[in-house]
Amino acid sequence: MTDERRRRDIEREIADHLALEAEERRGDGLTDDEARHAAARAFGNRTRISEDVRDVWAIRWLDSLRLDVRQALRSMRRAPSVSAIAIGSAAIGVGACSIVFAIVNAALFTPLPVEDPARLLSLAEIDRRTGDTSTVLSYPDFLDLRAARVFEGAAACGSLQTASIEADGEPQRHWGALVTANYFAVVQPRFAAGRGFDPSRDDLPGEPPVVVLSHRLWQTRFGGAPDIVGRRIAINRRSATVIGVTAAGFRGTELGMVTEFWIPFSMLDEVESRIGRVSQNRRRYWLTAVARLRTDVDVRSAHAELNVIAGRLNAASGRGEQDRGFHLERAGQIEPTYRGRSVTLLSLASAVSLLVLLTACANVANLLLGRASSRAREIAARMALGASRARLVRQLLAESLLLALLGGAGGWLLARYVTSLLGLLKTPLGWPVDLSVALDARVLFFCAALSMATAVAFGLVPAMRATRPDLIAMLKTDASAADRFKRFGLRGGLVTLQVAICTMLLVCMGLFMRSLDASYRADIGLRPEGLLLLGFDPGLDHRPDAQSQTMLRNILDRASEIPGVESATLTTAVPLTFIISNSRFVPAERAADKSAQRVRTDIYGIGPRFFQTLGIPFAAGDDFGFGRPATGRIAIVNEAFARAAFPNEPAIGRRILGDGKALDIVGVVASAKSRTIGEDPRPIVYLPILTDYAAAEWPRGVTLVVKANDAITHAPAIRDAIRAVDPALAVFDVRTMERHVDDALIVPRVTWMLSSVAGGVGLVLATIGVYGVVSFAVARRRREFGIRLAVGARPSEILMLVAKQGAMLVLLGTALGVAAAFGAARFAASLLYGVGPADPVTFVAAPLFLVGVGVFAGLLPARAASRLDPVAVLRTN
């Protein structure tokens, strides 16, 4: 009843009461006006009385709610097993959806922890022909964009760079960013201590070096020292003053990327000393940019001005290009390069979680239907004694809501646990990535709202069916016999739905399991067994490249001399790292031909015995040796490059041009996987690191690769060997090659784990559903089966009668599930490796397995029915 209707009812009651009172006063001889006034005086304050009546109604409503909750608790105590299964099913369904929503929330909806995040936008370049977006800009382009009048300010951030930071004499590598001095003024994060850079000073060369630390770096390396602001620390052996610490939670403006410190453009030489002059090079893309929109400007107006700037830059290029443009979007979103696959994975996870929730709801609805049927006579008696149908429906819904809320609480705890594990996932990106997800108020609200929605979804139909006003039929003692087992009705339909969903989930689980197995069995072109990886960066301390080459040679010599080490080598990129330096190469004789194909090629700098250590066989030519002349520009290529650059021609002795180099090919090796397990053979050029190492070309450092039995046990000795060459050299990312390969399988492992959990849950719920509906039907027909057995029916006939009905539900659901699985598998085809979306083995094995489990679940109550004692049944019925 609405408040307005209640108000009208109260006013009507008061008016009727006053009319009767006035009528009595007129009988005493008063006039009409005198009678009305006397009645009003006798009645008192109408407003106060109306409020008192409303208070009484509110108290009655609260009391009624309390009674409903008490009744629901009593019902749950009477059937604890059913309640436990219902709560567990709801927890699994709500928890699965909450986990996925938490990830989607973090990736798409959670704003950056800055002031007014809606006006903080990221600037990116877009190709108008293809729609491809790149978030990196050149510094001159950034200066043109910063002049746009639609922005309060625009700031640039260089790509993440490594630095060696000393604390208590122990150097460690950390990732930081070179930013314009107005970065913190534009982004406006909160600070735990100190402040950001001074925009009027810290972009100017020659200013005293300063640094801002992240909250995490402050805590982990400096113990959260309260006097950190003003302290001088060593960054790449260069002293800098800490002027601020950002608040907890701020890790930069790129989603998932972890920035541990920031230095201003006055320290540009920290970057340019490694990658060359970039501040004036319009062709060197190395900056990401963010801008804060003016309060009186909308995004459409900002795009209009950026289009003008893009037109001016296109015209100035002198090549007549008009395809280049600029794009704005909210800062802190998924990197466009990875957005497509990320959206596919999130969409798949969302669909799977919804299927799990639907299965859970069907399971709980089935349980409540069974309970409602068993309470049919009780409900009929209460209706016969005057209880309204609405009152009984509300009471049954209160029980459903209580079950759902308890399940939602369990789902919240499940989501908290699973999301806490996401931060432990490692990705071989070559960049610092943090996949941890926090559960905020939005996720909590989603969990609560989903719990209430599921309460209505699985509770309303059982409540409405249980309170149908067919009192005479429900009060008959043998009314249950009228509901024939041959028609399962709604409960059978729910079980069929559960089996169909479970079939689809099991097929997907089988496909991803076979995909993961194919990934593990894939020939990656190298042997990871017994390999130990240790990272370090010779370029962090600004030593000349010639000194770095000498240091690399000394480290390699010392590592090779350690007892138990079979071989050792160096590389600037570990195979199966997602991000690897690359460029385009062309045969020298075709360089002048603009139509000649430029081969996109990954570039590795490697030491001697690299191929021997990693087990990559030679196809032709020689390996690099220690005796090569320092001026030699030689390279080894893989077979994929040789086929692409020199089809049907020998590659040995040929010269290629690219990346500013002229290289003579001295060897060809077999093609090994470069970035991912599932990639087609990728062209690779290998350069001799002992003669060609340059800090500007290898900003992510060097990895020492050691082959030894029980390699991990040699890590301390190898670390000591590196420190013996340079005690200030930070050693990082110590791991085995087998662990690295395992991390490279993150996509097939995550999809398999997701599908396995969903498939396992679906199988359990579907099995419970089949067992429950057949058991309930057997219980309702107990008297009938007793009579059949008494008049001569064989137990095997009863067994087959019951089992056949359960098997029909399983077969029908499986058939529907297989049909749906074909569409789902094609949607997920981009995430599969080594197996097709219509893999016949999976589409046969998964349904057969489910049919076997489902039939077995139905056989258990069927066997119980065939063993009934007819005498005992007829006596108790």
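The values are calculated or read from the model by the stated rules, or taken from the named source; none is laboratory data. If you're wondering where the values come from, they're calculated on a predicted model, not measured in any experiment. Here the Cβ is made from the backbone with ideal geometry for all residues, glycine too, and neighbour counts use every protein chain on show. To get the accessible areas, we keep the full protein, side chains included, count just its heavy atoms, and leave off ligands, DNA and RNA. Shrake-Rupley method; radii C 1.70, N 1.55, O 1.52, S 1.80 Å.
Some notes on this structure:
- Per-region count, the range 693-709, residues at pLDDT 85 or above, open to solvent by 10 Å² or more (accessible area, probe 1.4 Å) and either touching a Phe, Trp or Tyr at 6+ places or on another chain (Cβ under 6 Å) or not hydroxyl-bearing (Ser, Thr, Tyr) (or both): 2
- Residue list for the range 750-793, filter: in contact with a Pro (Cβ under 6 Å, 6 or more places away or on another chain), within 30 Å of LEU355 (Cα to Cα) and open to solvent by 30 Å² or more (accessible area, probe 1.4 Å): SER775
- Among residues of the range 294-305 that are within 19 Å of GLU115 (Cβ to Cβ), those with a beta-carbon under 7 Å from a residue that is open to solvent by 50 Å² or more (accessible area, probe 1.4 Å) at least six positions away or on a different chain give the pairs ARG294/GLU152.
- Check on THR601, under 24 Å from ASP733 (Cβ atoms) and touching a strand residue (DSSP E or B) at 6+ places or on another chain (Cβ under 6 Å): no
- Top-ranked residue of the range 663-678 - restricted to ones that are open to solvent by 20 Å² or more (accessible area, probe 1.4 Å) and modelled with pLDDT under 90, ranked as nearest to ALA645 (Cα to Cα): ARG675
- When LEU439 is tested against (1) open to solvent by 50 Å² or more (accessible area, probe 1.4 Å); (2) modelled with pLDDT of 80 or more, exactly one condition is not met: (1).
- Just one of (1) at pLDDT below 85; (2) over 24 Å from PRO336 (Cα atoms) fails for PHE191. It is (1).
- Subset of the range 243-252 that is outside any strand (DSSP E or B) and not aliphatic (A, V, I, L, M) - its residue that is surrounded by the most Cβ atoms within 10 Å (Cβ to Cβ): GLY252
- Any chance ASP659 is at positive phi and among the acidic types (Asp, Glu): yes
- Helices (runs of 4 or more DSSP H) wholly inside the range 123-242 that include at least 1 residues being small (Gly, Ala, Ser) and surrounded by fewer than 20 Cβ atoms within 10 Å (Cβ to Cβ): 183-187
Per-residue answers, yes or no, for (1) at pLDDT 70 or above; (2) surrounded by 18 or more Cβ atoms within 10 Å (Cβ to Cβ); (3) more than 30 Å from LEU145 (Cβ to Cβ):
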site	(1), (2), (3)
ILE334	yes, no, no
THR337	no, no, no
LEU346	yes, no, yes
VAL352	yes, yes, yes
CYS361	yes, yes, yes
ASN366	yes, yes, yes
GLY370	no, yes, yes
SER374	no, no, yes
ARG377	no, no, yes
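- Some residue of the range 303-318 being open to solvent by 60 Å² or more (accessible area, probe 1.4 Å), out of contact with any Leu (no Cβ under 7 Å at 6 or more places or on another chain), modelled with pLDDT under 70 and not in a helix (DSSP H, G or I): yes
- Qualifying residue in the range 794-801 (condition: more than 18 Å from ALA758 (Cβ to Cβ) and outside any helix (DSSP H, G or I)): yes
- Candidate set from the range 816-840 (those that are of a type in the set (A, V, I, L, M, F, W, C) and open to solvent by 60 Å² or more (accessible area, probe 1.4 Å)); member that is nearest to SER353 (Cα to Cα): PHE827
- Residue count, the range 609-629 (criterion: closer than 17 Å to ALA708 by Cα, surrounded by 21 or more Cβ atoms within 10 Å (Cβ to Cβ) and either at pLDDT below 90 or of a type in the set (S, T, N, Q) (or both)): 1
- Scanning the range 253-298 for residues that are modelled with pLDDT under 85, open to solvent by 20 Å² or more (accessible area, probe 1.4 Å) and more than 20 Å from HIS174 (Cα to Cα) yields GLY276, ARG277, GLN280, ASN281, ARG282, ARG283, ARG284, TYR285.
- For the range 89-109, the candidate set comprises residues that are open to solvent by less than 30 Å² (accessible area, probe 1.4 Å) and closer than 16 Å to LEU765 by Cβ; within that set, the residue that is modelled with the lowest pLDDT is SER89.
- Residue in the range 564-587 that is assigned to a helix (DSSP H, G or I) and modelled with pLDDT of 85 or more present: no
- Test: residue in the range 70-88 that is within 24 Å of the chain's Cα centre (by Cα) and either over 30 Å from PHE250 (Cα atoms) or modelled with pLDDT under 85 (or both): yes
- Set ALA721, ALA694, ALA715: member being in a helix (DSSP H, G or I) and either free of Cβ contacts under 8 Å to residues at least 60 places away in the same chain or over 35 Å from the mean Cα position of the chain (by Cα) (or both): ALA721
- Test: ILE501 is over 30 Å from VAL669 (Cβ atoms) and crowded, with 23+ Cβ neighbours inside 10 Å: yes
- Yes/no for PRO681 being within 20 Å of ARG584 (Cβ to Cβ), of a type outside the set (Ser, Thr, Tyr), surrounded by fewer than 22 Cβ atoms within 10 Å (Cβ to Cβ) and in contact with a Ser or Thr (Cβ under 6 Å, 6 or more places away or on another chain): yes
- Listed conditions (1) in contact with a Lys or Arg (Cβ under 8 Å, 6 or more places away or on another chain); (2) at pLDDT below 80; (3) part of a helix (DSSP H, G or I) are all met by LEU868, apart from (3).
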